[in-house]
Structure formats: structure tokens, C-alpha cells
Amino acid sequence: MMKIAIDGTAASGKGTLARKLADKYGFVHLDTGLLYRKVAKELIKQNKNSSESLKEYDYEIAKDLDFLELRKEDLRTEEIAKLASLIATQSKLREILDLKQKQFVDESKNKFSGCILDGRDIGTKILPNADFKFFIDASVEIRAKRRLLEKNISFLHENDEKCMLQSLIKEMKARDSLDSTRVVAPLVPAKDAHFIDTSLISADELLLKVVKIIEGK
Ligand code: CDP
């Protein structure tokens with residue numbers, strides 16, 4: 001089975017790329033950020049998101065995670081992303097989720113000719129022997145604009161839009177910094193990853209670049 005690892009910063013285009021590649025080649029795709037987001041969402045739902053109760057409960061939630069449930073829910077709020085990034089610093093939680101991701105890959109072997117995982121530590125930790133590794137990034141201003149567009153909000157005043165953009169930039173910078181400076185599985189490109197900056201290219205141009213690399217053109 002071909003294994004493709006895609007890592008990168010928030011809203012860099014890694015998720016869209018992973019979905020487009022999975023469609024093109026008929027590979028299975030796992031957005032690993034959803035696992036961290038799901039644990040974070042459950043903590044918020046159960047009112048256990050205070051710093052004292054985090055460790056105690058997130059392991060239990062992580063152990064019972066059901067991959068099939070992940071797509072059904074709205075896990076894409078900034079509140080969930082922020083808590084996801086906080087709990088993602090815990091080594092024991094990562095161990096549980098790492099195992100689940102590896103099991104997912106193992107179980108896909110007989111059903112698919114390839115798998116694509118996207119996240120923060122796929123090329124370095126989860127699939128160190130991946131056939132292809134990509135690290136996707138873009139300027140924080142561009143990434144915040146993309147995230148704002150995804151939210152599909154219509155603003156009455158231009159100033160409201162500017163405010164929201166500024167707050168997204170601030171949140172993203174904080175999350176990037178926490179993700180890349182944590183001790184366990186920090187967000188760093190694998191040595192053998194292809195680094196692509198998507199600040200000036202569209203999702204389709206990115207796909208084209210990556211397909212060329214995969215197909216050796
Ligand atoms: O979609 P976006 O890139 O904004 O975030 P995500 O991929 O859903 O991930 C949310 C958070 O989960 C990240 O900020 C990371 O802290 C954490 N995460 C991680 O630590 N390792 C992964 N493989 C995936 C996500």
C-alpha cells in the first residue's frame with residue numbers, strides 16, 4: 001500500500017490537498033487533526049476543560065474514539081482548535097492517538113491501494129517510512145483569510161471583517177507556536193519531506209505540483 005504523509009500549519013491547504021489526492025487515486029484519507037478536535041470537543045461538552053481535569057479525562061475519551069463518528073460532527077470551531085492544540089502537548093494522549101492512527105493504516109491495507117494521513121507529525125512519527133512526505137505552509141495572513149472564507153460569514157461592516165481577520169491571525173500564530181515548540185512530536189518538517197509554500201498558488205496548482213512529484217514527472 002502506498003503511504004502519503006502530509007503535514008503543515010493550520011489552513012495551509014494540507015487538508016484540501018489530502019482530500020483531492022484521495023479522490024484522484026481512490027486512496028483512504030484520515031484527517032488526524034479531527035482526533036484531537038474530537039477529544040477537545042468532548043471535554044468542552046462534558047465541562048471538563050478546566051486545566052485540572054484535562055489530563056484525567058482526555059485519556060478516557062481518546063481510548064473510546066470512534067473514527068466513523070468523526071466526519072459527522074462540526075469540529076471546526078476556533079474554541080475546539082485552541083483546546084485541541086493544548087491537549088496535543090500531552091505525551092500520553094499522543095501515545096493513545098498514535099496507536100489509533102497506526103491501527104487505521106493497518107486495517108486499510110487490505111481494502112485500499114493507498115492511504116493519506118494529514119496532520120502535524122505524520123512524516124516524523126506516524127508514517128516515518130511513507131513513500132511521499134509533504135510539508136505545506138503559507139504566510140499567516142493568507143492562511144487566516146482562507147479560514148475566514150471557509151466560515152462563510154457575511155459582514156455588515158468592513159471593520160468587523162478586519163477585526164475577525166486580526167483575531168484569526170492572533171489565534172493561528174499562538175497555535176503555530178504551541179504546535180512547533182512542544183516537546184512531544186512538534187510540528188517540524190521531516191528531513192525527507194517536500195516543502196511547498198502555498199501563499200501564491202491555488203489548491204489546484206498545489207495538487208498539480210504534488211501529482212508531478214508522486215508520478216515522477
Ligand atoms: O485544520 P487545522 O490545521 O487548523 O487544525 P487540525 O489539523 O484540525 O489540528 C488541530 C490541532 O490538533 C493542531 O493545532 C495540533 O495541535 C493538533 N494536532 C496534532 O498535534 N497532531 C496531529 N497529527 C494533528 C493535529
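Some points to look at:
- Candidate set: the range 78-93, residues that are within 11 Å of the ligand (Cβ to nearest atom) and farther than 22 Å from Lys151 by Cα; chosen: the one surrounded by the fewest Cβ atoms within 10 Å (Cβ to Cβ): Thr89
- Subset of the range 1-30 that is β-branched (Val, Ile, Thr) and within 12 Å of the ligand (Cβ to nearest atom) - its residue that is farthest from Val210 (Cα to Cα): Thr9
- Check on Leu127, among the aliphatic types (A, V, I, L, M) and modelled with pLDDT under 95: no
- Only one entry in Leu86, Leu68, Leu54 is among the aliphatic types (A, V, I, L, M) and without any contact (Cβ under 8 Å) to a residue 12 or more places away in the chain, namely Leu68.
- Matching residues, the range 94-119, being more than 16 Å from the chain's Cα centre (by Cα), crowded, with 17+ Cβ neighbours inside 10 Å and closer than 23 Å to Ser180 by Cβ: Ile96
- Test result for Leu149, exposed (fewer than 11 other Cβ atoms within 10 Å of the Cβ), at pLDDT below 95 and either in contact with an Asp or Glu (Cβ under 8 Å, 6 or more places away or on another chain) or within 16 Å of Gly15 (Cβ to Cβ) (or both): yes
- Within the range 174-201, being farther than 18 Å from Phe132 by Cβ, more than 15 Å from the chain's Cα centre (by Cα) and crowded, with 16+ Cβ neighbours inside 10 Å holds for one residue alone: Arg182.
- Under the condition of being in a helix (DSSP H, G or I) and surrounded by fewer than 15 Cβ atoms within 10 Å (Cβ to Cβ), the residues counted in the range 66-77 number 4.
The values are calculated or read from the model by the stated rules, or taken from the named source; none is laboratory data. Treat the numbers as computed from the prediction; the structure is a model and nothing was measured. Neighbour counts are summed over all protein chains in view; Cβ atoms, including those assigned to glycine, are modelled from backbone coordinates with ideal geometry.
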